[in-house]
Amino acid sequence: MLNIPTQAFPAPNSQQRIGPSSQSGRNKVALKPGHSLMDWIRFSKSGKDLTGLRGRLIEVTQEELQKHNTRDDCWTCIRGMVYNVTPYMDYHPGGEEELMKAAGIDGTELFDQVHRWVNYESMLKECLVGRMATAIKGTHTFALSISVSVRKQAKRKWTSLGQPLEFHNTFLRKKDRALFYRNCVLVSKTEVNHNTHVFRLQLPRGTVRHVPVGKHVYLKALIKDTEVVRPYTPVDQTMAAASHHSSQDSDLYLMIKVYPDGVLTQHLNSLQIGDLISVSGPEGTFSLRPLRDVTHLYLLAAGTGFTPMARLIRLALQDIDTIRKTKLLFFNRQEEDVLWHRELDELAANDERFQVEYVLSVPSDGWTGRKGRVDECILKDFLSRPDVSKCYACVCGPTAFTELTIGLLKQQGFSEEELHAFQG
Ligand SMILES: Cc1cc2nc3c(=O)[nH]c(=O)nc-3n(C[C@H](O)[C@H](O)[C@H](O)COP(=O)(O)OP(=O)(O)OC[C@H]3O[C@@H](n4cnc5c(N)ncnc54)[C@H](O)[C@@H]3O)c2cc1C
Ligand code: HEM
């Protein structure tokens with residue numbers, strides 16, 4: 001049974017909430033009580049007529065779309081389909097102001113800039129007004145010729161030519177392509193701490209899914225008739241050196257914290273070994289290019305924001321020769337929350353190029369390490385810029401942590417080019 005969130009998240013005065021002046025344009029707002037995703041699902045499936053068209057679908061002209069541009073009558077177009085988003089306004093985690101930016105216009109680009117992965121089709125199924133009427137202004141024709149030469153491996157007759165692959169005969173830019181999901185089998189679930197597990201997922205036979213370091217995948221599940229999608233960053237099976245486990249291993253390992261009121265994580269937690277879950281291809285903006293010639297890599301993580309750092313640490317130690325020092329500053333509430341604590345300590349003990357420091361906000365009496373939250377003083381102690389060094393910093397955690405830390409790093413002299421924030 002799903003626990004349905006009743007309170008706004010994060011709480012209105014929470015550190016995780018950021019003010020409307022934030023520059024990233026990715027603010028989450030305080031939703032009114034009774035306006036969580038589960039509340040929206042319940043409301044939209046209640047049988048109410050959410051478009052005023054009693055289920056009829058219409059062709060919408062540009063002129064018609066433009067007329068519906070107010071808070072109380074708001075239509076928007078996404079990928080050619082028009083939705084009445086008026087009833088969704090109070091349920092939108094990005095807030096009314098953001099949604100209104102797409103009022104009466106084609107909101108596809110705005111939508112994609114923030115959350116290309118959000119499953120609007122499923123969420124807004126009952127709000128569908130119809131399709132945009134298309135006026136064909138002209139056609140572009142171009143010819144493309146590709147020749148492929150193949151050699152038979154075995155000298156015998158082919159019995160079939162197989163099936164065309166997905167997107168066969170289509171030409172789409174990656175950013176315009178919908179996320180592609182595969183059904184993976186949950187093969188094991190290993191406890192990491194009191195609320196976090198590593199979920200090991202096996203791809204369908206004969207398929208490969210390489211997720212580059214720093215990229216994430218999306219998990220998708222049908223929950224109460226609505227597709228719910230959330231991003232997760234794969235980790236390796238362990239923090240130990242790559243050679244310790246099989247390079248044949250193509251399974252995905254996702255370290256996931258289960259929230260008592262989390263919609264997707266509660267679903268994941270209820271899966272049995274052998275059950276299926278949909279997993280997308282890799283996404284994300286992280287690139288290894290800026291790490292070229294870097295000598296000092298600083299990683300700042302809070303909670304499950306550790307996940308992209310796990311593979312990055314290994315990569316830095318094993319594959320990037322120029323990096324002389326990799327330092328992780330890891331923020332958590334309590335000692336029991338620290339992920340892969342022992343593994344990190346072991347790695348630091350075995351490789352002098354790696355250093356880890358923990359900061360706890362609510363430590364127990366016996367804690368002798370650092371206490372508090374991210375601030376200028378903690379960062380000053382953590383960062384060093386030796387002469388003839390090239391530094392790079394990566395940050396990952398709740399949005400407010402990430403934004404605050406990025407701001408503090410800039411105050412410490414880090415430029416945009418020397419920083420990466422992992423975000424959705
Ligand atoms: C790019 C990216 C990569 C991510 N990688 C991982 C990962 O590897 N492992 C992982 O566990 N999570 C990761 N997350 C977070 C994850 O996508 C979900 O937000 C999280 O699992 C909660 O989903 P939910 O549906 O269970 O909770 P929701 O139903 O969305 O939220 C309900 C409750 O969950 C809790 N909650 C949700 N999000 C947060 C948060 N960010 N901080 C604190 N509390 C929260 C609150 O208790 C809230 O009331 C990542 C997020 C992003 C953007
Ligand atoms: C019209 C259909 C839309 C739907 C169904 C929708 C849905 C959502 C959902 C589900 C989230 C929560 C994502 C999460 O859990 O991290 C969200 C967040 C957000 N949305 Fe939308 N959205 C829509 C349109 C838009 C548009 C047009 C904009 C911008 C102009 C926008 C801006 C935002 C922002 C800024 C957030 C907060 C992002 C974050 O915290 O990372 N949304 N939206």
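So here's what we get for this one:
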| item | result |
| --- | --- |
| Alpha carbon centroid spacing (whole Å) that separates segment 291-316 from segment 327-366 | 14 |
| Per-residue HN-Hα couplings for segment 310-324 [Karplus 6.51, -1.76, 1.60; θ = phi - 60°; Hz; x = Gly/Pro] | 4, 6, 5, 4, 4, 4, 4, 6, 9, 10, 10, 5, 6, 6, 8 |
| GluC sites (Glu not before Pro), loop per DSSP, at most 15 other Cβ atoms within 10 Å - longest free stretch of the chain | 167-351 |
| Longest to shortest principal axis, alpha-carbon extents of segment 372-418, angstrom | 33, 23, 15 |
| For the chain, share of DSSP beta bridges that run antiparallel, in % to the nearest 5 | 55 |
| Phi-based couplings in Hz for segment 111-124 (Karplus 6.51, -1.76, 1.60; Gly and Pro marked x) | 4, 5, 4, 9, 8, 4, 7, 5, 8, 5, 4, 6, 5, 10 |
| Cα-only radius of gyration and Dmax that characterise segment 289-421, units Å | 14.1, 43 |
| Counting DSSP beta bridges with both ends in segment 37-132, the antiparallel % (nearest 5) | 70 |
| Whole-Hz couplings from phi, Karplus 6.51/-1.76/1.60, listed for segment 334-348; x for Gly and Pro | 10, 4, 5, 7, 5, 7, 6, 4, 5, 4, 5, 4, 5, 4, 5 |
| Nonlocal amide H pairs with Ile223, under 5 Å, H built at 1.01 Å | Val228 |
| Value in Å of the Kirkwood radius, where the chain supplies the Cα pairs that are averaged | 24.4 |
| Expected 222 nm ellipticity per residue - DSSP helices of 4 or more, -39500 (n - 2.57), all of the chain, to 500 | -5000 deg cm²/dmol |
| Segment 156-230: chymotrypsin sites (Phe, Trp or Tyr not before Pro) in DSSP coil with no more than 16 other Cβ atoms inside 10 Å | Trp158, Phe167, Phe171, Phe180 |
| Net length gained if the chain between Val150 and Arg182 were fully extended (0.36 nm per residue, minus Cα distance) | 8.7 nm |
| Debye log10 I(q)/I(0) for segment 37-132, one point scatterer per Cα, at q = 0.10, 0.18, 0.20, 0.21 Å⁻¹ | -0.22, -0.76, -0.97, -1.08 |
| For segment 239-361, convex hull of alpha carbons as volume per residue, Å³ | 152 |
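Where a number appears in this text, it was derived from the coordinates with a stated rule and is not lab data. Since the structure is predicted, the reported quantities are computational estimates derived from the model, not experimental observations. Cβ: placed from backbone, ideal geometry, glycine included. Neighbour counts: every protein chain shown.
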